[in-house]
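Q: So that we are looking at the same thing, I have put the structure below in structure tokens.
The values are calculated or read from the model by the stated rules, or taken from the named source; none is laboratory data. Source: prediction; values computed, not measured. Cβ: placed from backbone, ideal geometry, glycine included. Neighbour counts: every protein chain shown. Calculation scope for accessible area: heavy atoms of the full protein, side chains included, ligands and nucleic acids excluded. Shrake-Rupley method; radii C 1.70, N 1.55, O 1.52, S 1.80 Å.
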Amino acid sequence: MEDPGSGAKPPYSGASKEGRAEQKAQKRGRGKRRGRKASPPPKPLSEDRAVAAAPDRRPVKQDEQTPARKRKRRRKNSGGKPGAIQSVQPVASTEAQRVSTQGAEAKSGKRRRRGGQGRQAAQVRPLAPGKAVEAARPAASYAPPTGPKPAKQDAHAERGQGRDRAKAEHHHRPFPRHDAFGDEHGGDYYAALDLGTNNCRLLIAQPTRPGQFRVVDAFSRIVRLGEGLGTSGRLSQEAMDRAVEALKVCAAKLSGLTLRRKRLIATEACRAAANGEEFLRRVRQETGLELEIINRETEARLAVSGCASLVGRETRSIVLFDIGGGSSEIAVIRIGDNRSTRLANHITHWTSLPVGVVTLSERHGGRDVTPAVFEAMTAEVAAMLDGFDCPPIAAAAGAGGEEDFHLIGTSGTVTTLAGVHLDLPRYDRRRVDGLWLTDAEVSAMQAKLLSWDYASRAANPCIGPDRADLVLAGCAILEAIRRRWPSSRMRVADRGLREGLLTDMMADDGVWRRHRHRRQGQKDHKDQGGKDHGARRS
């Protein structure tokens, strides 16, 4: 290789491939830019200047190199003087890489200048080795570095790691426990407990839209508290033990909640038993729950309140019945033009029959029910209904006649019929609640259940062994009601006293009224804001 200070060289001679590419690019860029003539090649350095420029030919260190962007700005400021760009022989591998980078920039310089003046390309610097390892970790297993912080860190990488850390903390944040619901939402929760002849049920809910609520927790267990009550007149020790164990579960669910209001009731079994009050004292001592025994009229009104949302605006007359374990409540409802917000206010006649699925099956037998036994049970209930003084429904029906009247059944009997009718592999409340059944469909389901033996009824997923000996007694009560008030259709309600208790407590507290006023106030505020805005524009 010739000495750079020995004089002029032929073009592209004595240079590496990268250096020749650079010289070609420089000559082509100077000659073609905006039609100007190519600048003459740079003058060769004298021997003294060349030696001064590279006295010892030592390789240039990485930290002594000038960044490429700064080199380009200096060439631009130099006004394109021929001597501003000098060809330097590559003396080391690092120097050759630098020259190659300058040649690539010279090729793309024209495109950047045409794209827009003053626009700078983003400079990307590699992460430090420690940061690259951290960025590769998944967000869920993020752990902050324990070593010393690097001297220089990229701001974008820092923000990205901060987002990953926040996502990891949110992903692993524990879900609020059930016993923290009341404290977290300000205690705006209501609880209703219904201890009946056959079941112990608990419902915890929060009010939402007017007339509706969201269920937070629910509990139901068959306890058969009224078992043997029809023959002995007292609650048996085994039945009370089962009920107390179920009530302990309810007490545990209620103990961790901050409730706004609660109401715990007991119905026919405690109402009719000679030792009903004694049993409630035991419940208070062992569970801490204070239950009240309600009368039959209150029970009928609560059943109506629980089914209010299933009554359409076009309906004018309803017979609502609740077939319980020890009693059956029936309410006749007539709705005029002035409809009240509480459906129970439209009750014109009601009755409570001292018969339910438990008491009726014990008297007639619930395991092996023949058509003759079924007819005997139906006749017994029909005789009780004969003493109920109620005018015919058709006389008070509207212009639509029977179209304005229908039945609503809220009990385990009607929900079981609905499940069997739908042939559900497993009982599903969402498909059963609110279902319409025609009179022919109800008759077909009753005939199907009557044709099954006890084992077949127990094997059905919508009946089970707990209700296999009770379902036909409930069908007999339903048949007596259908004969007294014939209707072309019946609506199924998977709801009852618990929903009525919650509805009445929320209505008494005015939670839905405040919600409605708040929404109305927000609407008025928006309307007023729109008027003011229009006035300002005019």
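Q: Please give the length that would be gained between Glu277 and Asp439 if that part of the chain were fully extended, namely 0.36 nm times their separation in residues minus their C-alpha to C-alpha distance (nm, one decimal).
A: Length gained between Glu277 and Asp439: 54.1 nm.
Q: While we're looking at this one, here's another question. Tell me, in nm to one decimal, what length is gained between Arg483 and Arg429 on full extension, where the rule is 0.36 nm per residue of separation less the Cα-Cα distance?
A: 16.7 nm
Q: Using label points projected 7 Å from each Cα along Cα→Cβ, tell me how many nm separate Leu422 and Asp188, to one decimal.
A: 3.1
Q: Something else: Can you tell me the FRET efficiency between Leu450 and Glu314 if r is taken as the Cβ-Cβ distance and R0 is 25 Å, rounded to the nearest 0.05?
A: 0.15
Q: Can you work out ³J(HN,Hα) from phi for every residue in region 443-457, in order, using Karplus 6.51 cos²θ - 1.76 cosθ + 1.60 and θ = phi - 60°, giving whole Hz and x for Gly and Pro?
A: Each residue's phi maps through the Karplus curve to give 4, 5, 5, 5, 5, 5, 5, 5, 7, 8, 7, 4, 5, 5, 5 Hz.
Q: To continue, here is another question. Give the ranking of Lys262, Lys253, Lys248 by solvent-accessible surface, highest area first, calculated with a 1.4 Å probe. Before the final figure, lay out each step's value.
A: Details: Lys262 115, Lys253 55, Lys248 85 Å².
Correct descending sequence by accessible area is Lys262, Lys248, Lys253.
Q: Put a dot 7 Å past each Cα toward the Cβ at Ala372 and Ala252; how far apart are the dots in nm?
A: 5.0
Q: Given R₀ = 22 Å, FRET efficiency for Val215-Arg342 by Cβ-Cβ distance, to 0.05?
A: Rounded to the nearest 0.05, the efficiency is 0.55.
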